[in-house]
Every structure is written in C-alpha cells, then in structure tokens.
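Chemist: The structure is given below, and queries will be raised subsequently.
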Amino acid sequence: MTRPVRHQALWLFGCLLFACTIGCGDSGVTSGFVKFVEDGSPVTGGSVEFRRESDTKRFAGRISPDGTFELMDENGKVGLPPGRYDVVVVQIVLTEDLAMMHHTHGLTVAKKYADYYSSNLKAEVSEGQMDPVEIIVEAEPEPAETPYTITQ
C-alpha cells in the first residue's frame, strides 16, 4: 500500500512543480530591436530603457550589433510585462565630432532619444504579446565640414 501512496505523492509533487514553472516564467515580451528610420539599418550599439507609465518601474537592455536587445528589470528578471512605456535609446559616442566623421559603427542615434523628456518614444505591450518590440529612431545629422583656419 505504501507504493501507490508514494507514486501519488511523486505525481502530486511533479504537478505542483510544473504549475510553479508555468506561473513563474518570464513575463510578456522579452526582446526587441532598434533601427534607423533613414535606411532601416540596425542601431549597432548602446542601450535601451523602458519606463512603465503606471508606476515608473524600469526595464533595460544592451543593444547588440544586429540591433536586438533583451529587456530585464532591476533584479535581472527577463521580460516586459503588459503596459504602456516611455522609451529612451542611449548611444555614447566619445569625441562626438571626430566620431561622426570617422566612426565605423554606422549611423549615430540622435541625442534627443537619450532623455525621457525629449525622446517621445512610446511602446505598448498587450496581454499575451510575445512579438519583439520595434523601436525606430532618427540618426544624428552629420555636421557640415568646416574648414579650420589658423590665424596668428
């Protein structure tokens, strides 16, 4: 009689473990990509941050060379729960003027996207959505080359 009870207990434990695994999985969308409106090329570096409008909770990720990113909360949990989000895209370029004329990383993200007050980027994730989030940004205009003159 102990054998059937043991099997039932193991079966019950397995069902509970399965239920916890389903309930504790990643929430919603886990990834996305960033591309330029000018030519559709991917943003090849930097980071993205999503700030939920309802409670300002933040989710962030690094942009890979192919323009993709994976979002995580501050505890490292992967996923972007349903809701409306303000979005920023930050790309640090050292010595900006030199980098814009001689860089090898493709187009540069316009500076306005690095601040929540000026980016105007929004994202909405619906319940059950699993499709990646698409973010489209403008490139920073290249500066006009100005000839340097040396005066004495």
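The values are calculated or read from the model by the stated rules, or taken from the named source; none is laboratory data. For clarity, every value in this text was computed on a predicted model and none was experimentally measured. Counting neighbours? That spans all protein chains shown, and the Cβs are built from the backbone with ideal geometry, glycine included. Side chains included, ligands, DNA and RNA excluded: accessible areas come from the protein's heavy atoms. Shrake-Rupley method; radii C 1.70, N 1.55, O 1.52, S 1.80 Å.
Chemist: Do you know which residues across the stretch 37-67 are of a type in the set (A, V, I, L, M, F, W, C) and either free of Cβ contacts under 8 Å to residues at least 60 places away in the same chain or open to solvent by 50 Å² or more (accessible area, probe 1.4 Å) (or both)?
Modeler: Hits for the stretch 37-67 are Val37, Phe59, Ala60, Ile63.
Chemist: Filter the stretch 119-137 down to residues that are open to solvent by 70 Å² or more (accessible area, probe 1.4 Å) and among the aliphatic types (A, V, I, L, M) and give me whichever is farthest from Ser54 (Cα to Cα).
Modeler: Here the answer is Ile136.
Chemist: Does Val89 satisfy the condition of being at pLDDT 95 or above and either surrounded by fewer than 13 Cβ atoms within 10 Å (Cβ to Cβ) or out of contact with any His (no Cβ under 6 Å at 6 or more places or on another chain) (or both)?
Modeler: Taking the combined requirement at face value, the residue satisfies it.
Chemist: So for the stretch 72-79 (the condition being open to solvent by 40 Å² or more (accessible area, probe 1.4 Å), polar (S, T, N, Q) and closer than 14 Å to Val109 by Cα), does at least one residue qualify?
Modeler: No.
Chemist: Please go through the stretch 18-39 and pick out each residue that is outside any loop (DSSP other than H, G, I, E, B) and modelled with pLDDT under 50.
Modeler: Phe18, Ala19, Cys20, Thr21, Ile22, Gly23
Chemist: For the stretch 92-105, how many residues meet the condition of being exposed (fewer than 13 other Cβ atoms within 10 Å of the Cβ) and either at pLDDT 95 or above or farther than 18 Å from Ile63 by Cα (or both)?
Modeler: Total meeting the criteria: 5.
Chemist: Please specify each residue of the stretch 109-123 satisfying the condition of being free of Cβ contacts under 8 Å to residues at least 60 places away in the same chain and in a helix (DSSP H, G or I).
Modeler: Answer for the stretch 109-123, where residues must be free of Cβ contacts under 8 Å to residues at least 60 places away in the same chain and in a helix (DSSP H, G or I): Lys111, Lys112, Tyr113, Ala114, Tyr117, Ser118, Ser119.
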